[in-house]
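To keep things clear, I will list the structure first and then write my remarks on it.
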Amino acid sequence: MDRNPRKIRAAPARPRSHGFRMTSSTQTRPAQTDALLAPNINTLWSRALIDELARCGLRDICISPGSRSTPLVVQAFEHPDIRDISIVDERSAAFFALGLAKATGRPVALICTSGTAAANYFPAVCEASEADIPLIILSADRPADLHDCGGSQTMDQHKLFGDRIRWFHGFAQPEATASKLTYLRSIACRAFTHAKSGPVHLNIPFRKPLEPIEVPASSPDFVPTELAKTAPVATMGRPDGRPYLQISTGLSAPDSATISALLGRLKTTKRPMILAGADERGAYYRDALRDFAENIGAPIFAEPTSAMRHWNERGPNILSAGDLLFSSPPYTAYSPDETPDLIIRTGRAPLLWALQKWLRNLDGVEQIVVGPTLDLNDPEHFAAQQISCDERNFFEALNARLADGSQTISGSPRWVDTHRQRDTVAADTLSTQLLDITQLNSASIWDTLGQELPEGAGIFVSNSMSTRHLDTYMCRANATLDVHFNRGLNGIDGIIATGLGLAMGRQYEAPNDAAPTVIVIGDVALRHDLSALLLAAEIGVEATVLVVDNAGGAIFDYLPITKFEKVHERHFTTAPPLSVEAMLPGAITRLEANTSEALKEALNESFGTPGLQVIHVKIDPEFDKQTTDALRKRVGAAIASH
């Protein structure tokens, strides 16, 4: 079937309790008249707030229904530059917004009513905070006179998310004055800027009437008709669509002394190494980092979510089989010739156990952490230096100094060549070994997926063993892929909703691109987020969900708790009480695959079918563990004998 899997569907007819509407930027609002600037103060304030956020660049708002947030919802619905997406469950809405922000790189707003509604955002807010994902929470609140007196659906929402957010502001009670409206617009601009580095929270009190209905001139909520003439900028915003407060931010490269010092250090380095961890910003600076690695003769061990590994322009120094290498004898033996004398790290701290263990044994090896903030991704406290900068500017500055001939690097060519050769041996050996294993297992699933995903495809991966298996076994994929997972806190909450948000964001960003989005999830994580499956049909998301059903997962089988058999069996062997078949709604199209060839067929069938497709892959956890353990040993032996 011919189709464009990222075509945005038409919105459903009203009433619009579900779905979304994408309006044209050429659309205009209803004309204002001298008789009525706004029917009441809540309408005026909400219009100014949403308008100012849109002027700053906001395009997407996820809305969960509720009465107290009505003024904001109406204005989000009416604004010509806002895509409003209705998601009933606040928890799902927040994770969906998280995925949407990952895909677009822009802040995404959330609107909810008062009471516990915003509290349901908390898990996604925690993830956004740790991973620097831009979210703007707009929580409606009761006015002050309804607090601390038993008012219905009223709770203290002041700094509800604690230090998990970049910025909080509790708005004053709306007033129809120029000074309060300019204050409102200024706060909106500041919030949008803060949100570029993580979640922010704006709490807005509204008293009734909440709907856009006219009030008499005697009402405290009346909007004077002359306000538009006496304060046009406050009421309607600055001319030409400019934000009220323009804020300039940006990071530069470190000072020349820092760059010179690092270049001086590299002169004495024979065995440099770069570790590229998970980083939503990775695609922004990856070409500069690749060139730097080639200039100094350093291998780059890149995690899949660094944006460097699954990239068809990665070059020979970016390696893809890092986990297999670090668990092989040449790396576990720690001989002097196998030990780097300088490590430069970008992104988050390493995820994989083999790499973590290897790092713990590198006593005295200097490590430099490079990143855009003063937040340090170094849980083991290995770093000797932290450089806070714009990574692209930093590596470009280093490359320029290396290119002009004023600096020379004396690294050993054999050092990087050895790692390249081992990387090739690891991938080739894995491929050969998989040919002899007919029963489906984690390695064959990920190897097949890596071969079948087309150029530009998106992939969102659940945490726990899924992301580790991706790193280890999808090392032969050569296409440029858009790889994401919730790396901030490594939780399995909200995986489907986040993946659907990513898929929708990819539809928005490239509506004419047919590359699919695949969400890979285990059966336990599926149970955590079942309600999000219905969300896909409600809002028209195109995606493939690959469920790896291993009867509850096996990550705890790799941990010491297995020695305590009774408690391990009761509380850590997490087999769901329901089968995957029972958990999937009847309306969801489900494909079955029990061999690598069947998986290939199912994937390609799902890529050519509109809507949400679920592929169910069932594997035996004990066989899977035995198989993957044996594969590691065989690959390790091949690397050691090379």
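Here, each number is a calculation from the coordinates, and none is a lab measurement. In this text the structure is predicted, and so the values were computed from the model without any measurement. Note that each Cβ is placed from the backbone with ideal geometry, even for glycine, and that neighbours are counted across all protein chains shown.
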Worksheet item: Suppose R0 equals 22 Å; then what is the FRET efficiency for Ser186 and Lys208 from their Cβ-Cβ distance, rounded to the nearest 0.05?
Response: 0.25
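Mind checking the full-extension length gain between Asn361 and Thr225? Use 0.36 nm per residue of separation minus the Cα-Cα distance, one decimal, nm. Working shown, then result.
Values: separation 136, 0.36 × 136 = 48.96 nm, distance 7.29 nm.
So the extension gain works out to 41.7 nm.
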Worksheet item: What ranking, highest mean first, results for peptides 393-399, 232-238 when packing means the other Cβ atoms within 10 Å averaged over each residue?
Response: 393-399, 232-238
Worksheet item: Which value in deg cm²/dmol, rounded to the nearest 500, describes the helix-derived mean residue ellipticity at 222 nm for the chain, given -39,500 (n - 2.57) per DSSP H run of n ≥ 4 and division by the residue count?
Response: -11500 deg cm²/dmol
Worksheet entry | Residues whose placed amide H lies under 5 Å from that of Val545, excluding near-sequence neighbours | Ile519, Gln613, Val614, Ile615
Worksheet item: Hey, rough spin-label estimate for Asp255 and Arg590, points 7 angstrom out along Cα→Cβ, what's it come to in nanometres?
Response: 6.4
Response to the item:
Put in order of increasing Cβ neighbours within 10 Å, starting from the fewest, His158, His310 give His158, His310
Worksheet item: Taking the DSSP beta bridges in the chain as the whole, what percent of them are antiparallel, to the nearest 5?
Response: 5
Worksheet item: What are the ³J(HN,Hα) values, in whole Hz, obtained from phi via the Karplus relation 6.51 cos²θ - 1.76 cosθ + 1.60 with θ = phi - 60°, for each residue of region 531-539 in sequence order, with x given for Gly and Pro?
Response: 4, 5, 4, 5, 4, 4, 5, 5, 10
Response to the item:
Amide H contacts under 5 Å for Asp493, restricted to residues at least 5 apart in sequence or on another chain and with H modeled in the peptide plane, are none
Worksheet item: Going by the alpha-carbon gyration tensor, a ≥ b ≥ c the square roots of its eigenvalues, is region 256-422 rounded (a/c under 1.5) or, if a/c is not under 1.5, prolate (a/b greater than b/c) versus oblate?
Response: rounded
Worksheet item: Once Rg and Dmax of the Cα atoms in Å is worked out from the coordinates, which option in (i) 26.7, 89; (ii) 25.0, 70; (iii) 29.0, 87 does it equal?
Response: (i)
Worksheet, complete the sentence: If one compares the long axis through the Cα atoms of helix 90-104 with the longest principal axis of the Cα atoms of the chain, the angle in degrees, nearest 10, works out at 70
Item to complete: Within region 43-71, find all residues whose amide N lies under 18 Å from a label point positioned 7 Å from the Cα of Val233 along Cα-to-beta-carbon.
Response: 48-49, 51-53, 55-56
Fill in: Of all DSSP beta bridges in region 440-619, antiparallel share, percent nearest 5
0
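Would you mind putting 367-377, 267-277 in packing order, based on average other-beta-carbon counts within 10 Å, highest first? Intermediate results must be reported in sequence, preceding the final value.
Details: 367-377: 17.1, 267-277: 20.5.
Highest-to-lowest ranking by the protection proxy: 267-277, 367-377.
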Worksheet, complete the sentence: By the mean-Cβ-within-10 Å protection proxy, highest first, 48-57, 202-211 rank as 48-57, 202-211
Worksheet item: HN-Hα J couplings of region 351-361 from phi, Karplus 6.51/-1.76/1.60, θ = phi - 60°, integer Hz, Gly and Pro as x?
Response: 8, 6, 5, 4, 5, 4, 5, 4, 5, 5, 9
Worksheet item: So for the pair Trp353, Val567, with labels modelled 7 Å out along Cα→Cβ, what separation do we get in nm?
Response: 1.9
Practice prompt. Quick one: which residues, 5+ away or cross-chain, put their amide H under 5 Å from the amide H of Leu342? H built at 1.01 Å from N.
Written response: Arg271, Met273
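Hey, which of these cross-link pairs are over 29 Å Cα-Cα: Lys102/Lys563; Lys159/Lys196; Lys566/Lys600; Lys563/Lys600? Intermediate values should be presented prior to the final figure.
Details: Lys102/Lys563 40 Å; Lys159/Lys196 19 Å; Lys566/Lys600 39 Å; Lys563/Lys600 38 Å.
Violating the 29 Å limit, Cα to Cα: Lys102/Lys563; Lys566/Lys600; Lys563/Lys600.
Multiply the residue separation of Leu559 and Gln421 by 0.36 nm, subtract the distance between their alpha-carbon atoms, and state the gained length in nm to one decimal. Each step should come with its number before you reach the end.
Details: separation 138, 0.36 × 138 = 49.68 nm, distance 3.20 nm.
Result for the pair: 46.5 nm of gain on full extension.
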Worksheet item: Each residue of region 611-621 in turn: what ³J(HN,Hα) in whole Hz from Karplus with 6.51, -1.76, 1.60 and θ = phi - 60°, glycine and Pro shown as x?
Response: x, 9, 10, 10, 9, 9, 10, 10, 10, 8, x
